[in-house]
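Everything on this sheet refers to the single structure shown next.
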Amino acid sequence: MSALRPDLAVIAANVAPGSRVLDVGCGDGALMAVLRDDRQVDARGMELDPANVAECVARGLSVMQGDADVDLVDYPDAAFDYAILSQTLQTTKRPDAVLDELLRVGRKAFVSFPNFAHWKVRASLMWHGRMPVTRLLPVAWYETPNIHHATVRDFLELVAARGLRVEGAWFLSGDRRIGDAAANWRAEHAVFLLSR
């Protein structure tokens, strides 16, 4: 499998071969290309950034320019086996509504996001009184596309409130997987597989 960002590698390894996938916020299409080439997946994408859309199309990927907050309503119910939202939930205006739409258009949904309760984030706030700039959160607070700073615990509460089922959970510290013990403290990123 081609080199992928760690959360994308987790998702790619857990998408059933031959399935239909919608990658929402697909970026440059790296995950879609791996799913298509290595897992024989019918992968479609939605991306807000026109430069990324052009890059995807140049790779031979089926991508439409669109906004997760408003354009998912254009897809029919259960059109995909999986809807994927990687490192995008925290940038949406209404993460709760986007989750509902993901699980309307997809039978299952993969969601990955940065955990803003990670100990390094907490330490930066406590010792420096500032939002951190790290390898995984590389831009200053005023430049970041992240408008909702969710934690693993926040996400699990949202999932419970929406009556969703967690079918899988993976936690990452740096580029490696860690166990789920104290994930809200230890995980820099989280990946969840959800269903209704």
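The values are calculated or read from the model by the stated rules, or taken from the named source; none is laboratory data. Keep in mind it's a predicted model, so treat the numbers as computed, not measured. A quick note on method: Cβ atoms are made from the backbone with ideal geometry, for glycine too, and the neighbour counts reach across all protein chains shown.
Matching residues to (1) surrounded by fewer than 22 Cβ atoms within 10 Å (Cβ to Cβ); (2) without any contact (Cβ under 8 Å) to a residue 40 or more places away in the chain; (3) among the charged types (D, E, K, R); (4) out of contact with any Lys or Arg (no Cβ under 8 Å at 6 or more places or on another chain):
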site: GLY25; (1), (2), (3), (4): no, no, no, yes
site: ASP42; (1), (2), (3), (4): yes, yes, yes, no
site: GLN65; (1), (2), (3), (4): yes, yes, no, yes
site: VAL73; (1), (2), (3), (4): yes, yes, no, yes
site: ALA79; (1), (2), (3), (4): yes, no, no, no
site: ARG107; (1), (2), (3), (4): yes, no, yes, yes
site: TRP119; (1), (2), (3), (4): yes, no, no, no
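Pairs meeting the criteria (first residue in the range 152-166 and within 15 Å of PHE116 (Cα to Cα), second residue among the polar types (S, T, N, Q) and part of a helix (DSSP H, G or I), beta carbons under 8 Å, at least 6 apart or on different chains) are VAL152/ASN184; ARG153/ASN184. Those strands (runs of 3 or more DSSP E) of the range 80-196 in which 3 or more residues are at pLDDT 95 or above occupy 80-86, 106-114, 165-173, 189-195. SER173: of a type in the set (S, T, N, Q), within 27 Å of SER19 (Cα to Cα) and surrounded by 12 or more Cβ atoms within 10 Å (Cβ to Cβ), yes or no? No. For the range 151-164, the condition holds for no residue, the condition being that it is of a type in the set (Ser, Thr, Tyr) and within 19 Å of ARG5 (Cα to Cα).
Condition check: assigned to a loop (DSSP other than H, G, I, E, B), more than 22 Å from GLY174 (Cβ to Cβ) and of a type in the set (Asp, Glu). Does ASP77 satisfy that? Yes, satisfied. In the range 116-148, how many residues are over 20 Å from GLY27 (Cα atoms) and of a type outside the set (A, V, I, L, M, F, W, C)? Count: 10. Considering each residue of the range 2-12 in turn, none proves to be of a type in the set (Lys, Arg), on the phi < 0 side of the Ramachandran plot and either modelled with pLDDT of 95 or more or part of a helix (DSSP H, G or I) (or both). Among the residues of the range 129-149, is any over 27 Å from SER195 (Cα atoms), within 17 Å of the chain's Cα centre (by Cα) and β-branched (Val, Ile, Thr)? Yes, some residue in the range 129-149 is over 27 Å from SER195 (Cα atoms), within 17 Å of the chain's Cα centre (by Cα) and β-branched (Val, Ile, Thr).
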